[in-house]
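A.B. asks: Starting off with a structure, shown below.
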Amino acid sequence: MSYKRGGGQRSRSATLPAPMQGVNAISPLANMPPDECIFATNILPEDFGCEVRDGYVEWANGWTGGPARTVITFEGNTNAENRLWVANDEGIWEVTVKGTTAPTQVLTWPSSANNAGICSYVNYTNDGLDRFVLLCDGENGYYVWEHATNLWTQGSFSGGAVDVTLLDFVMIWKERVWFIQRDSTLAWCLPVAQFSGVPEQFNFGSQFRFGGKLVSLHNWTLDGGAGLDDYLVALSSAGDVIIFQGTDPTDVTTFGLVGSWYVGEVPAGNRIASEFSGELYILSVQGLLPMSQVLNGAGSENPSTYVTNKIAPYLRAVMDDTLTDFGWQIHIHPKQSLLFINSPPRFARGQLAFTLYFGTLAWGTTRGLTKSHTANWNGEIYWTDITRNKVFIQQGNVDEVYLDPAVDGLPEAIEWNLLSAYSSLDAPAMFKRVQYIRPMFVGSGTPSYEVRAQYDFDVSELPGAPAFTGSSSAVWSDGGVYTHSLLADAADDVYMSFTDGSDQLGASTVIDITLTGHPSFSLTWNPTTERYEGNSTGVYAFINATLGVAVGLSIDPAGLPNGAYNFVPAAVGVYVGFTVPTVADTTPPTFVDNGVLSPSFIEGTDFSNLSQGLWNISDWDGGIQATVSPSGGSGLGRWCAVNISGRSADSVTLVGFDIVFDSGGMM
C-alpha cells in the first residue's frame, strides 16, 4: 500500500473586516459572522468600523461631603441662562462654570442619610412662560428651582394630603406633574399646568401581580393604531409593567388600562428606563426590553425580544454581582446615537458600561469610566464620579484630563482591546499558522498596539496594552527641521496645527516650542507677550496673542495670512502631535474636537521614531513578508481570530486586518 503525500505548504493572505456589528456572546464560536466580535472594550462599533471611545475632561470639583450622585441640568432660552448643578448627600452645588473648584452650595438637605443626593427631576414651564426645575430627592423629598429668582425652595401642595418630604420621583404626563411616594405603590397627580395644587392619589399596587414598590413612571409617545398618543407606563421593583391610556386620570371614563406585562426583577434605583424616539426601554434581569415589541405581540419571555440579546451572558454576569447596588442607569445621547447601560462597580473588576449604537444596533463595552450619574447638557455628556468629588465632560481623545494635573496626574491614553470572530479562512479542515497581522486604521493617527493570532476558540484577553509611545504623533529626534502651519483669525487667536509641508527650509527660531508629556503637554514660548490657554482641556491647545503684538517678535497675528512657517524644536525626544480645533468662519470653536493631526506623522529632515508595538505598521516596511516573522509564527490551529490591545490618544477607527498565514503541507 502506498500513501500520497499532501500538498505543499503555501502562504496565503486574507482581509478581515472590523467588527462593526459589535459584540456577539450567544452565537457558536465556529459560526459567528466575520463583522461581529467576541468582545470589544473601549473600541465601539460605529459607521465604517470600530472607533476608540471618547475621553473625558474634568469640569468641576471641590464640594464637601460625599461624591455627587446626580447631575442636574437646566437649559434656558439662551446659553447664558443654562445651569448645571450636582447633588450629593449634603445638598445641591452649582457647577455651571467650567473650572469651578469651590462651588456654591445652593441648597442644604435637612437629612444627609440613606438616598440623599439621588434625585429625579424635570424642566418645567408654566402657562406664564415662567421656568422651573422640579426635583425629588431620595431622602428629602420635593424641591423647586425658579429661574426668575435663581433659588431652590421646598415644594408644597394645597390641602396637605401628602408629605412632600416622602416624594422621591417626578415626571410629567399630558401636562400633569406626577410624583411617587417613597417605598410604596402610591403616586400623586396634580391638576393640569400646576406643580403646587391639590394632588390626587393613585395606588398602583392592585395591578402589581408580582408585588414590589412603584419604581418609576414614564411618558411613552407612540402610535397605537389610532394616531400618536402619550401612554403612561408604571414600573414595579418586582418587574410588573403597567400601561395606561387616556386623557384625565381622575375620570375612569377617559382613563384606562391597556395591558400588564412581567419583565423580571429590575436593578436598584429609578434610573433603569428611558424613552427615545418613540420607544421606551426598560432594563431588567432579562435584559433591555423595547416596550413596542411586547405591545405588538412579542413575548417578554422570548430572549430575542430584548435589545441586549447578543450580550445577554455578559450583562447577566454583571447583574449577578451588582443587581441591588447603586449605579444602574439607562442613558441615551442623541448626538452620538448611543445608548449606555451604566452599571455599578464590581469588586476587584472595575466598572463596566454597555453601549448600543443605534445606527447598526451593535453593542460594545466601555470601562475606566467610574460613573455615578450621567446627563446631557448643551449637547454633551456630563457625569459625576462614583468615588471622587468631581464632575466630568465626555470630550477629547484622552482620559483623566484634570483641572490640577499636579495633584491628580497627567492625562492618559485610552486603553482598548478587541477579539474578532473566529474564522476558518476558507479552509476549515487545514491547520494554519499566522505569520503577520496588519491592523488598518483611519483617523488622526495610528495607536500603539500589540496584536496576535489566537487559535481554536481561545477567548482570553491579551495581558495588557503597550505603553502609549505616540506612534500617532512623530517624536522629535535629535535635530532636523519640521514644518508647521500657523493660522491667524480676526480675533487674533493663533491656532497651531502640523502638516508635512512641501519645503524643508532653513531653521527659524522666531517661534521656539517645547512640547512634553504627550498627550498632556506644556508649551514654552520665547516671547513674553503670549499666554498658553489650553490647560483646562489638555487637548485643545491654542495660543492667544495680544492684539497688534508680534508673535516671536516678528509675526503679527493681526495681519498675518495663513501659511507655512519653519522652526526647530526647543527640546529633543518630546512629542509634537496633538489635536487642535480648526478655525471656521473666523470663529474659534469651544469644546469641539473638530481638528485633526495631519498627516499621521510629521515629515522632517531627520528620523521620526515610531511605536515599537508588536506587528506595528513599521514592521511591514512597505512590503509583505509571509514566511519570516520577527515575532509571529507561533501557534497553530484550524480556526483563527485576531486579538488586539492598544492605547490611543487620537481619534482612531479600526477598519480591518490584513493577515498572512501558512497552510497545508506537513502542518
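A.B. asks: Among residues belonging to segment 434-456 that are assigned to a loop (DSSP other than H, G, I, E, B) and at pLDDT below 90, point out the one that is surrounded by the most Cβ atoms within 10 Å (Cβ to Cβ).
C.D. replies: P447
Per-residue answers, yes or no, for (1) open to solvent by less than 20 Å² (accessible area, probe 1.4 Å); (2) modelled with pLDDT under 95; (3) of a type in the set (K, R); (4) under 34 Å from the mean Cα position of the chain (by Cα):
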position	(1), (2), (3), (4)
L217	yes, no, no, yes
G225	no, yes, no, no
D230	no, yes, no, yes
L235	yes, no, no, yes
T247	no, yes, no, no
D251	no, yes, no, no
T254	no, yes, no, no
G259	yes, yes, no, no
A273	yes, no, no, yes
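A.B. asks: As an exercise: evaluate L134 against (1) open to solvent by 60 Å² or more (accessible area, probe 1.4 Å); (2) within 12 Å of I72 (Cβ to Cβ) and give the number of the one condition it does not meet.
C.D. replies: It is condition (1) that L134 fails.
A.B. asks: Within segment 83-96, restricting attention to residues that are touching a Leu at 6+ places or on another chain (Cβ under 6 Å) and assigned to a loop (DSSP other than H, G, I, E, B), which residue is least open to solvent (accessible area, probe 1.4 Å)?
C.D. replies: Filtering segment 83-96 for residues that are touching a Leu at 6+ places or on another chain (Cβ under 6 Å) and assigned to a loop (DSSP other than H, G, I, E, B), the one least open to solvent (accessible area, probe 1.4 Å) comes out as V95.
A.B. asks: Does any residue of segment 105-122 turn out to be β-branched (V, I, T), within 30 Å of Y56 (Cβ to Cβ) and part of a loop (DSSP other than H, G, I, E, B)?
C.D. replies: Looking through segment 105-122, at least one residue is β-branched (V, I, T), within 30 Å of Y56 (Cβ to Cβ) and part of a loop (DSSP other than H, G, I, E, B).
A.B. asks: State whether the residues of segment 301-310 include one that is among the charged types (D, E, K, R), out of contact with any His (no Cβ under 9 Å at 6 or more places or on another chain) and in a strand (DSSP E or B).
C.D. replies: no
A.B. asks: Considering only segment 351-373, state which residues are out of contact with any Ser or Thr (no Cβ under 8 Å at 6 or more places or on another chain) and either hydroxyl-bearing (S, T, Y) or free of Cβ contacts under 8 Å to residues at least 24 places away in the same chain (or both).
C.D. replies: T360
A.B. asks: Suppose we keep only residues that are open to solvent by less than 10 Å² (accessible area, probe 1.4 Å) and small (G, A, S) within segment 280-327. Which one would you say is nearest to G359 (Cα to Cα)?
C.D. replies: Looking at residues that are open to solvent by less than 10 Å² (accessible area, probe 1.4 Å) and small (G, A, S), I get G287.
A.B. asks: Taking segment 380-433 as the region of interest, how many residues are on the phi > 0 side of the Ramachandran plot and open to solvent by 20 Å² or more (accessible area, probe 1.4 Å)?
C.D. replies: 3
A.B. asks: Now, a different point. Return yes or no: is V162 surrounded by 20 or more Cβ atoms within 10 Å (Cβ to Cβ) and within 26 Å of Q201 (Cβ to Cβ)?
C.D. replies: No; evaluated as a whole, the condition is false for this residue.
A.B. asks: I need the full set of residues from segment 151-192 which are within 23 Å of S274 (Cβ to Cβ) and aromatic (F, W, Y), in order please.
C.D. replies: F169, W173, W178, F179, W188 - these are the residues of segment 151-192 that are within 23 Å of S274 (Cβ to Cβ) and aromatic (F, W, Y).
A.B. asks: Any residue at all in segment 376-384 that is out of contact with any helix residue (DSSP H, G or I) (no Cβ under 8 Å at 6 or more places or on another chain), within 14 Å of Y56 (Cα to Cα) and not β-branched (V, I, T)?
C.D. replies: Yes - at least one qualifying residue is present in segment 376-384.
A.B. asks: Please give the strands (runs of 3 or more DSSP E) falling wholly within segment 335-433 in which 2 or more residues are polar (S, T, N, Q) and touching a His at 6+ places or on another chain (Cβ under 9 Å).
C.D. replies: Once the strands (runs of 3 or more DSSP E) in segment 335-433 are filtered for at least 2 residues that are polar (S, T, N, Q) and touching a His at 6+ places or on another chain (Cβ under 9 Å), what remains is 371-377.
A.B. asks: Would you be able to say whether some residue in segment 233-243 is more than 17 Å from I180 (Cβ to Cβ) and in contact (Cβ under 8 Å) with a residue 24 or more places away in the chain?
C.D. replies: Within segment 233-243, not a single residue is more than 17 Å from I180 (Cβ to Cβ) and in contact (Cβ under 8 Å) with a residue 24 or more places away in the chain.
The values are calculated or read from the model by the stated rules, or taken from the named source; none is laboratory data. All values reported here derive from a predicted model rather than from experimental measurement. Ideal geometry is used to build each Cβ from the backbone, glycine not excepted, and the neighbour counts take in all protein chains shown. These accessible areas exclude ligands, DNA and RNA; they are computed on the full protein's heavy atoms, side chains included. Shrake-Rupley method; radii C 1.70, N 1.55, O 1.52, S 1.80 Å.
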